Amino acid sequence: MVTAEFSFLVLSIILEALLRCGGSYQKKVKKEVLILRSKHMSSECLHEPTHRQYDFSRKLDLIRFLKTIQDEGLYGVLHDRPYACAEWNYGGFPVWLHNMPGMVFRTTNKAFMDEMQNFTTMIVDMVKKENLFASQGGPIILAQIENEYGNVMGPYGESGKEYIKWCANMAQSLDVGVPWIMCQQNDAPQPMLNTCNGFYCDNFVPNNPNTPKMWTENWTDGKFKQWGGKNPHRTTEDELLIIIICSVYATIVSHDGRAITIDGHRRVLLSGSIHYPRSTPEMWPDLIKKGKEGGLDAIETYVFWNAHEPTRRQYDFSGKLDLIRFLKTIQDEGLYGVLRDRPYACAEWNYGGFPVWLHNMPGMVFRTTNKAFMDEMQNFTTMIVDMVKKENLFASQGGPIILAQIENEYGNVMGPYGESGKEYIKWCANMAQSLDVGVPWIMCQQNDAPQPMLNTCNGFYCDNFVPNNPNTPKMWTENWTGWFKQWGGKNPHRTTEDVAFSVARFFQRGGTFNNYYMYHGGTNFDRTAGGPYITTSYDYDAPLDEYGNLSQPKYGHLKQLHDVLHSIEKTLTYGNISTIDFGNSASATIYKTEEGSSCFFGNGNENSDATISFQGESYVVPAWSVTILPDCKNEAYNTAKITTQTSMMVKKPNEAEDTPSTLKWSWRPENMDNFLLKGKGESTQTQLFDQKVVTNDQSDYLWYMTTVKFKKRDPLLGKTMSLRVNSTAHVLHAFVNGKNIGNQHAENGKFNYVFEKDVKFKSGRNVIALLSITVGLANYGAFFESKPAGITGPIFITGINGDETIVKDLSAHKWSYKTGLNGFDNQLFRTESISKWSSPTGNDPVVVDLMGLGKGTAWVNGNNIGRYWRHSFQSENGCDAKCNYRGAYHAEKCLTNCGEPTQRWYIFHILLGSRIKYVNVKPEKSLHGFCCFVIFLNRYHVPRSFLNAEGDNTLVLFEEMGGNPSLVSFQTTRVGSVCANVYEKKIIELSCDRKPISAIKFASFGNPNGNCGSFEKGTCESSKNTVDILTQECVGKEKCCIDVSTERFGAPDCSGAPRRLAVEAIC
């Protein structure tokens, strides 16, 4: 028995190409089948018998033939080569072509190439016009250029090789949105797919590991007939050898001007960003499952270069950096993936995701036509792609990844790079295409993105975005669900109504792909937060909060929107679009197909509701909202009408122990004598270096030390003396002769400042020790890699005596450098203590109040959970007591936390029954304000996987400012109450997150006033006891569903105003 392992089968005019074999990649069903598909070849001698005179009549009606294929529900393969062979007169070439002056066929002959390109382009344009490529919703899934040229290529020499490259480039430029094939062409350039022709192709091996094994001509009848020859015949038994077991699960991902297409079908795609290093592998399944339950089709993530390659050519994909495990978790949940392998991230990530060793390479300039940069970028990008390919994770291999991204928001900063920037972006596109991932590449915020890159939009709103190519769908790669927090900044919030409005208006205006940035923000563990000054929490006001809980009502309200959009997917992606402008920012958009119509009624007015009359009915659309009517008759959703509960979180004392009185403390000092008194470091230079150059970003801390000697009669001594430091350190501590003379930190976004303090120097040897601290490196802007960090000077000692001023410049002094601190070097964060305390009972997240402590870093069982900093109390001005969702959102709108520290509450999870050991370092009086390794957590997330299930845990904190740990207290946070304020004829679900509802605090059906936590009865009220009805329906249950109707609650007379149910339930 002879077996052949093929991915694809072509049988004469019968093709099964790019077959998914029993369904999508999720199903992976194997079948022993032979499925028939049709193909067609275009013949130039028939269609263009005379130069520029064409014939597509009767049996030459190519379009009719292709539509007949489509009518039968079959796929098509278009051999638009234009050389046919096929035992056809003159191989399909017209003889007038031969008679043109200087003509030579199938080589780099300009006359031939011009005519070939003209005919090929004409055929493609005809087919495109009728929307017959699969990327347009048509049947054609493959196209072919040239034919069996490899069989005769030898005599053409180098010109033949150049000609085949030209054919590939010309074909790609036609942008048909489906793969191109070249049969019998072993050197077919990428991304051409080389294929086999012949009686047998079981031993055929494609020229690229990402090219499937394809048989484009299986000769079924032995050989063609000739006058005077015998009749050839191939046995049926031999032909049966071609029936093979199909084991391919590839998904064809393409696009047209309306949408991303998957297996030829246009799709509405809703995606959410979840960054794998900002959570843990143990959290990923739950986060991704909640994304799916929330109506997402895809999960998007960046790839973080500096996390994976912290040292050049030394890689880390362990733990929460296990990219492949994350992608497979997405696949296991049956979702698609979007891989942003740029490799610049921004993302408020340290240094934008670039490793600092890259900056320190000779002659390095980021993100331009710098050879050193491009070489390193290509090396990392290729490595990631190869890893993903090896695991068959691209959709073209049967995996979940349907889109890949190169570069990121470069168009926002491109101007200063000039022509080099334009060349760089072209290089990025070419490099990405060369990786042959088999799915489309995107470039966000890049209006000049070269084809075939898909340019996309990022921002709070993208409804007015227009792609740079009519064949590029309208895509939104970052819909900012909130905003990031900064140390010293207020807390930003984006309302649920506004996020929903932005999405609905985007789809109203032709969008078909929306990705939420973020869907789950997570935590900036370790030193990953960028900025500078980005907080450890990266909650981002996302639908899933930092710890993975549902953030209600945002999660639920968007889920309802997703359900409605999915229900009208075909209408949105195939329907004819018309718009009615009602004035005053109100409009209707109608999507119409033969099956029916769907409507969007939009009101962009910030102040007034709109009444829209449509098809004999009136509809009230609230200000700054969109109403969706799937059948153009009945309202299914309005962005401003929230019917999802609001969950109110509360903090509960630790019932297991009476903290803080039971907490026990131990101390260890940081030994700084070598630095403060001796000025002794690891290296010495006669200049001031940028901190990145010295530390290679291995630590936040860098000592700058120098020795200054004064003679007894030095003119500087005896005067009023000061030390003046021009600093770009985010935080600076200054010591002279072992004494702390002060500290300073950058404020109000200004990261260059002057530190100046009076100092009394002595005759003889004086040691100046400056500790520079970074709090996240810059991550955004043109040439941001060159923004200074540390102490770059100049540094002066100034003496003033009356009118006389003497200045001594220390910038070119002999400076000694020491990266890091001894406690870090000695890994004191891995120390255990005999002190223990009991964790709070239950499974709720645990919070600790940092009242009394300052700034530093925390570890749990050796796991670095991030920086903390409680220094920053906000101005009492600029916050909003009540946030109005109406009107365009920006990062300064809807702020809270005025007059409070940036992060007071730090949350972490404890396993039931665990004990915590504390290690703390008691500051010595001579240590000048530095207390080291004091225990504390400041609203830090400690994932359960960081804790010992057996019970004993160690918590360590390096405290650099000093403080009083006696005020530390541990609490738990949970859903305390849930509220809803819902119009009648809606159904509301109340849920206490797996805990029973214990009481109904408030309930009113009529026109109640107020907000969650402060509801009041209005002027009309149901005669029925609403509280009793809901008590009977909900109390004692984990969740309950309520039909808000007059049948249930009565019919209060509200003078024609819409009736609402307001309810608050206690959990």
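The values are calculated or read from the model by the stated rules, or taken from the named source; none is laboratory data. Only a predicted model underlies this, so the values are computations on that prediction, with no experimental measurement involved. Heads up, the Cβs are rebuilt from the backbone with ideal geometry, glycines too, and the neighbour counts pull from every protein chain shown. What goes into the accessible areas is simple: the full protein's heavy atoms, side chains included, and nothing from ligands, DNA or RNA. Shrake-Rupley method; radii C 1.70, N 1.55, O 1.52, S 1.80 Å.
Which pairs turn up if I take residues in the stretch 273-290 that are of a type in the set (A, V, I, L, M, F, W, C) and look for partners that are open to solvent by less than 10 Å² (accessible area, probe 1.4 Å) and part of a helix (DSSP H, G or I) with beta carbon separation below 8 Å, at least 6 apart in sequence or on another chain?
These pairs meet every condition: Ile274/Trp284; Ile274/Leu287; Ile274/Ile288; Ile274/Gly291; Trp284/Tyr276; Trp284/Phe326; Ile288/Ile330.
Going by the structure shown, is Ser727 of a type in the set (S, T, N, Q), under 42 Å from the mean Cα position of the chain (by Cα) and either open to solvent by less than 10 Å² (accessible area, probe 1.4 Å) or in the same structural domain as Pro310 (by the TED database) (or both)?
The answer is yes for Ser727.
Could you grab me the full set of residues in the stretch 805-818 that are among the aliphatic types (A, V, I, L, M), in a loop (DSSP other than H, G, I, E, B) and open to solvent by less than 60 Å² (accessible area, probe 1.4 Å)?
Result: Leu810, single match.
Can you pull out the residues in the stretch 854-879 that are at pLDDT below 90, open to solvent by 20 Å² or more (accessible area, probe 1.4 Å) and touching a Ser or Thr at 6+ places or on another chain (Cβ under 7 Å)?
Passing the criteria: Asn861, Cys879.
Considering only residues that are β-branched (Val, Ile, Thr) and closer than 21 Å to Asn194 by Cα, look in the stretch 109-158 and name the one that is farthest from the chain's Cα centre (by Cα).
Going through the qualifying residues, I end up with Val152.
Consider the stretch 176-206. How many of its residues are part of a loop (DSSP other than H, G, I, E, B), within 26 Å of Pro470 (Cβ to Cβ) and open to solvent by less than 30 Å² (accessible area, probe 1.4 Å)?
4
Any chance the stretch 152-167 includes a residue that's over 20 Å from Phe112 (Cβ atoms) and either open to solvent by 10 Å² or more (accessible area, probe 1.4 Å) or not in a loop (DSSP other than H, G, I, E, B) (or both)?
No, the stretch 152-167 contains no residue that is over 20 Å from Phe112 (Cβ atoms) and either open to solvent by 10 Å² or more (accessible area, probe 1.4 Å) or not in a loop (DSSP other than H, G, I, E, B) (or both).
Picking from Leu36, Leu78, which residue would you name as being modelled with pLDDT under 50 and assigned by the TED database to the domain that holds Thr195?
Result: Leu36 is the single residue among Leu36, Leu78 that is modelled with pLDDT under 50 and assigned by the TED database to the domain that holds Thr195.
Report yes if Phe465 is touching a residue at least 60 places away in the same chain (Cβ under 8 Å) and aromatic (Phe, Trp, Tyr), otherwise no.
Answer is no for this residue.
Here's a check for you: in the stretch 402-417, which residue that is over 25 Å from Lys390 (Cβ atoms) and either aliphatic (A, V, I, L, M) or out of contact with any Ser or Thr (no Cβ under 9 Å at 6 or more places or on another chain) (or both) is most open to solvent (accessible area, probe 1.4 Å)?
Pro416
Being open to solvent by less than 10 Å² (accessible area, probe 1.4 Å) and part of a loop (DSSP other than H, G, I, E, B) narrows it down to one of Gly511, Gly489, so name that one.
Gly511
From the residues in the stretch 196-218 that are touching a Cys at 6+ places or on another chain (Cβ under 6 Å) and free of Cβ contacts under 8 Å to residues at least 60 places away in the same chain, which one is farthest from Ser173 (Cα to Cα)?
Restricting to residues being touching a Cys at 6+ places or on another chain (Cβ under 6 Å) and free of Cβ contacts under 8 Å to residues at least 60 places away in the same chain, the top hit is Phe204.
How many residues does the stretch 63-74 contain that are farther than 23 Å from His47 by Cα and either not assigned by the TED database to the domain that holds Met126 or not charged (D, E, K, R) (or both)?
Selection size over the stretch 63-74: 2.
Take Glu87 and tell me if it is open to solvent by less than 40 Å² (accessible area, probe 1.4 Å), touching a Phe, Trp or Tyr at 6+ places or on another chain (Cβ under 8 Å), acidic (Asp, Glu) and in a loop (DSSP other than H, G, I, E, B).
no
Within the stretch 272-287, track down each residue that is part of a helix (DSSP H, G or I) and closer than 18 Å to Leu403 by Cα.
Hit for the stretch 272-287 is Tyr276, nothing else.
Could you grab the pairs with beta carbons closer than 9 Å, sequence gap of 6+ or different chains, first residue in the stretch 672-694 and on the phi > 0 side of the Ramachandran plot, second one of a type in the set (A, V, I, L, M, F, W, C) and open to solvent by 80 Å² or more (accessible area, probe 1.4 Å)?
Qualifying pairs under 9 Å: none.
For the stretch 304-401, give me every one of the helices (runs of 4 or more DSSP H) that falls completely inside it and has 3 or more residues that are open to solvent by less than 10 Å² (accessible area, probe 1.4 Å).
The qualifying helices (runs of 4 or more DSSP H) are 323-332, 371-390.
Please give the number of the condition Trp88 fails out of (1) within 21 Å of Val127 (Cβ to Cβ); (2) at pLDDT 85 or above.
Trp88 satisfies all of (1) within 21 Å of Val127 (Cβ to Cβ); (2) at pLDDT 85 or above except (2).
Residues Ile425, Ile402: which one is more than 19 Å from Thr573 (Cβ to Cβ) and either out of contact with any Cys (no Cβ under 6 Å at 6 or more places or on another chain) or not polar (S, T, N, Q) (or both)?
After ruling out the rest, the residue left standing is Ile425.
Identify all residues within the stretch 987-1007 that are assigned to a loop (DSSP other than H, G, I, E, B), within 25 Å of Cys883 (Cβ to Cβ) and either in contact with a Leu (Cβ under 8 Å, 6 or more places away or on another chain) or modelled with pLDDT under 90 (or both); write none if there are none.
Within the stretch 987-1007, Asp993 is the sole residue that qualifies.
Within the stretch 795-804, is even one residue open to solvent by less than 80 Å² (accessible area, probe 1.4 Å), without any contact (Cβ under 8 Å) to a residue 24 or more places away in the chain and either farther than 21 Å from His730 by Cα or not aliphatic (A, V, I, L, M) (or both)?
yes
In the stretch 961-1006, how many are open to solvent by 40 Å² or more (accessible area, probe 1.4 Å), out of contact with any Phe, Trp or Tyr (no Cβ under 9 Å at 6 or more places or on another chain) and polar (S, T, N, Q)?
Residues that pass the stated criteria total 2.
Name the one entry in Gly718, Gly776 that is open to solvent by 10 Å² or more (accessible area, probe 1.4 Å), in contact (Cβ under 8 Å) with a residue 60 or more places away in the chain and not in a strand (DSSP E or B).
Only one candidate passes the filter, namely Gly718.
Tell me, please, whether a residue that is touching a helix residue (DSSP H, G or I) at 6+ places or on another chain (Cβ under 7 Å), in a loop (DSSP other than H, G, I, E, B) and of a type outside the set (Asp, Glu) can be found in the stretch 784-799.
The answer is yes, given that some residue of the stretch 784-799 is touching a helix residue (DSSP H, G or I) at 6+ places or on another chain (Cβ under 7 Å), in a loop (DSSP other than H, G, I, E, B) and of a type outside the set (Asp, Glu).
Which one of Ser1014, Ser1023 is closer than 18 Å to Val978 by Cβ, surrounded by fewer than 16 Cβ atoms within 10 Å (Cβ to Cβ) and among the hydroxyl-bearing types (Ser, Thr, Tyr)?
Ser1014
Return the only residue of Glu595, Glu606 being farther than 29 Å from Leu990 by Cβ, of a type in the set (Asp, Glu), open to solvent by 10 Å² or more (accessible area, probe 1.4 Å) and more than 34 Å from the chain's Cα centre (by Cα).
Of the residues listed, the single one that is farther than 29 Å from Leu990 by Cβ, of a type in the set (Asp, Glu), open to solvent by 10 Å² or more (accessible area, probe 1.4 Å) and more than 34 Å from the chain's Cα centre (by Cα) is Glu595.
Quick one: is Leu561 farther than 11 Å from Gln508 by Cβ and touching a helix residue (DSSP H, G or I) at 6+ places or on another chain (Cβ under 7 Å)?
Yes; evaluated as a whole, the condition is true for this residue.
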